[in-house]
1. Taking the Cα atoms of the stretch 462-507, report the difference between the largest and smallest coordinate on each principal axis, in whole Å and largest first.
2. So what is the calculated 222 nm ellipticity per residue for the chain, using -39500 (n - 2.57) for each DSSP H run with n of 4 or more, over all residues, to the nearest 500 deg cm²/dmol?
3. With only alpha-carbon atoms in the gyration tensor, what are the semi-axes of the equivalent ellipsoid for the stretch 35-122, in Å, largest first?
4. Calculate how many DSSP beta bridges within the stretch 443-714 are antiparallel, expressed in % of all such bridges and rounded to the nearest 5.
5. Using a 10 Å cut-off on Cβ atoms, rank the peptides 119-131, 499-511 from the highest mean neighbour count down.
6. Are there any helices in the chain, counted as whole DSSP H runs, that stretch 24 Å or more along their axis by Cα and score at least 1.6 on average by Kyte-Doolittle, and if so which?
7. Take D470 and T35, extend 7 Å from each Cα along the Cα→Cβ direction, and tell me the distance between the two endpoints in nm.
8. Take every Cα-Cα distance within the chain, group them into 20 Å bins from 0 onward, and report for each bin the whole-number percent of pairs it holds.
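A short reminder: the numbers here are calculations on the coordinates, not readings from a lab. Owing to the predicted nature of the structure, the values given are computational and were not obtained by experimental measurement. When we count neighbours, we look across all protein chains shown, and the Cβ atoms used for this are built from the backbone with ideal geometry, even at glycine.
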Amino acid sequence: MPSHLHRATAALFLALSLLAAPRGAAGAGRPITETDLFRFVWIADPQISPDGRQIVFVRVTVDKKQEGYDTALWIVPADGGAPARPFTFGRRDLSPRWSPDGRQVAFVRGSDRPEEGRPQIHLISASGGEAFAVTDLPGGASSPAWSPDGKTLAFLSTTNDRDLAKKNAQGEAERESDVRVITRAVYRQNGAGYNDPTRPSHVWTVAVPAPGDAPAAPVQLTRGGFSEDDPAWSPDGAFLYFSTLRVEEPYYEMPNRDVWAVPAAGGDMRAVVDVNGLINDWAIAPGGGRMAFAGVLNPAKRRSYEEVDLLLTDLKYGAPVRNLTERVDGDVADDLSADQHAPRGERPRPVVWSADGRSLITVVAERGRTNLKRFSVATGAVEPLTTGDHEISAWSATPDAARLALVVSTPTRIGDLYAFDVATKRMKLLYEPNRELLAEIALTPPEEIVYESFDGRPIHAFVQKPADFDPAKKYPLILNIHGGPHAAYGFVFFHEFQWLAAQGYVVLYPNPRGSSSYGQDFGNVIQLDFPGDDAKDLLAGVDEMVKRPYIDAQRLGVTGGSGGGILTNWILVQDRRFKAAVSQRSIADWAGFWYTADFSLFDGSWFRGAPWEDPEDFARRSPITHVARVTTPLMLIEGEADLRTPPAAGGEQMFRALKYLKRPVVMVRFPRESHELSRSGEPWHRIERLRHIAGWFDKYLLGKNVDAYDVEDAAEGERP
């Protein structure tokens, strides 16, 4: 990009004003604490009723033992005429879906004890009362979808013929082997464990029982070795559509997820939309015949980052696809990096048709914000529906798309529930679950900045200062790096940043090249060079900050997780200015990661080939190759069940190498935790993680006497 365009883009960023968004205001209050997380309440899966009068949602709280999370359905009038109230009384209730007439809600209820069975579909009257199960399948049931006439529910289940035979069998069950025979390159998934190819998810239906009737027997509509997802009915109820990836070993080719259909009465499946790319968040036009979706059309050559567009096609095999957001530098139906999205429950970000079929509504992530936009089907012309410094993290619409339910987060609000009128573009606050808690706490929004990197490219970033910030003082600075690497920070609540600021740190969190929500070129520029120039962008941000009189250049720290973890490791082998570092869920050895991660890198998106085909490139970009250069005291945080960045290819290697070199290093390991430790891990573990991060920085940046990381004391299990 020419330098004058860099400057123009920077000027555009700097011109962004703080628009009218729901947000918290700084005030006199106590500093935020790590244990405030125990009191956080999250909102997931807001579902507005067909008539737009009520919203049912999933309310997520930390359980009584502070070891997990409870999920219950709550309900609130969309006009704000009454407060939100409990709707169901289970502790594992999820996925509420209104019947077409608004008289019932289907939802998924799980058991407190897994040995009692898998989650099942339940029904409850919209006026309340006792919920009752309509499925009892060994493989459980999920993703309920009402038929247009409200007489049938479609859903997904992994139940197979063997499960049904065992359920109906009499006598002693035959022993099943627990030995795994693995034939696929991708055989396990972070957070879910080993894949079971004998249990693909299939589409089922069950008749909705009349009051007082016993539940009917479910009917399986799809079969075979491939999974189906996202069941949805045709407008006339004759067909069920579903998305599916029908490739035996998909890692050998570019992504290709299509939409198929099966007759609701049973019959053969067939492809109805087959594109060379990915179909997500798809929606059928009101009269049928067309489908819009958030997706990606595969380029001629695989890229590391693919901007998600709003695409339109006919429900006809082989029909051409039209891109409505070709000129929009943002990601359709995407979100921002945050540590306080609801740790349980869904966060739908759908594509929605207007009643007349002339426009489409969806959320778009752009430059650290996500807002709703309306697109003309005929021309692609875009109209903002919401504006502001916030993230719309989940939403739903009435069938006519006239009224919406939104969950909105800002840097000072965890997530509140709003009703939105599309015609007037007015938002009405309905439920602030954390109002009393946040009223106690002094929180401030971040400062938004833009700085020039080494090559003149403008880099968008945020600076979180302490709530009692004094410009006459000197503060230590922590550079915090997001993962992905194709993700983005922005105007959303981040407990970690507010907590570190409350401990007396200034936190810089940039979106370096490679970040999403800034366009295809910006996101893909790091292909085959990660880590690389993105690290230079981050260091340029530190250079910019140390020019400020309130930053102490002698007290600099750096941290990041996942993609931010490898960048943390990489920066330490490039630059010695940092006095302390915390690398979380990181990668040290690209070859080791290539062999052991839960997804494959067979497609040339990050590397040109396999490790033995280009060993020099794998070694060059691996921090472990250059580990002897590391002198910065380093903490390594690892989840022992992390399959996305397995500890053996990351923190374990860095730890052992630095111990050999007799450098200051400590490894903190969290049992049972996956790659999602910081976002949805066990509550106590999330808190302990924050304490360890702050403890390490306190020791080396603030000079505090934190001896828990000394060899003689660590053996005693002491905590900071």
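1. The Cα atoms of the stretch 462-507 stretch 37, 17, 14 Å along the principal axes, largest first.
2. On the way: 13 runs with 116 residues, N = 720.
The helix contribution divided over the chain gives -4500 deg cm²/dmol.
3. Numbers: eigenvalues 115, 67, 12 Å².
That gives 24, 18, 8 Å for the three semi-axes.
4. On the way: 11 of 35 bridges.
That works out to approximately 30 percent antiparallel.
5. Values: 119-131: 16.6, 499-511: 23.8.
Going from most to least packed, we get 499-511, 119-131.
6. Working: long enough: 683-701 (27 Å, -0.77).
Flagged H segments: there are none.
7. With each label placed 7 Å out from Cα toward Cβ, I get 2.8 nm.
8. Bin by bin from 0 Å, the calculated values are 16, 51, 30, 3.
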